[in-house]
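For reference, the structure is listed below as structure tokens.
The values are calculated or read from the model by the stated rules, or taken from the named source; none is laboratory data. The shown structure was predicted, so the numbers you read here are calculated from the model rather than taken from an experiment. Cβ atoms come from the backbone with ideal geometry, glycine included; neighbour counts cover every protein chain shown. To get the accessible areas, we keep the full protein, side chains included, count just its heavy atoms, and leave off ligands, DNA and RNA. Shrake-Rupley method; radii C 1.70, N 1.55, O 1.52, S 1.80 Å.
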Amino acid sequence: TKHLHLVLNAEGGLSVFKWYIDASFATHPDFRSYTGGLLILEDKGGAVISQSLKQKVNSRSSIEAELIGVDDMMVKVVWTTNFAKIQGLRPERTTLFQDNDATIILESKGIGSW
């Protein structure tokens, strides 16, 4: 509401950026998937950035949709981390959370794990 304001405070630093990224496989009539991403600052406890978007390419599986979703959101992940650094903040780490085990393995070990 207009009486409740969002106030971001960098006092004490922003030590941990937590990104939650998920995809919904083939939800549109043209079989495109949907990606959603959310950034939470651990120290502050609130969502700072959220975005949902229709994927631009078709995927053949939920694993592929999750990989495309991470790729789509990675620009924001890198941008927010670099923006914080330019503002003089030093995030300790940026963590990406996923809910698909096969996608997590592919993201951490590469195509050789398949």
Fill in the blank from the handout: Subset of the stretch 25-44, residues touching a residue at least 24 places away in the same chain (Cβ under 8 Å) and part of a loop (DSSP other than H, G, I, E, B), comes to PHE25, ALA26, HIS28, ASP30, PHE31, GLU42, ASP43, LYS44
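Take VAL75 and decide whether it is exposed (fewer than 15 other Cβ atoms within 10 Å of the Cβ), among the aliphatic types (A, V, I, L, M) and modelled with pLDDT of 90 or more. Give the derivation first.
Details: exposed (fewer than 15 other Cβ atoms within 10 Å of the Cβ): yes; among the aliphatic types (A, V, I, L, M): yes; modelled with pLDDT of 90 or more: yes.
Yes: the conditions hold for VAL75.
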Problem - Meets criteria (part of a helix (DSSP H, G or I), over 20 Å from ASP22 (Cβ atoms) and either open to solvent by less than 80 Å² (accessible area, probe 1.4 Å) or of a type in the set (Ser, Thr, Tyr) (or both)) for ALA84 - result: yes
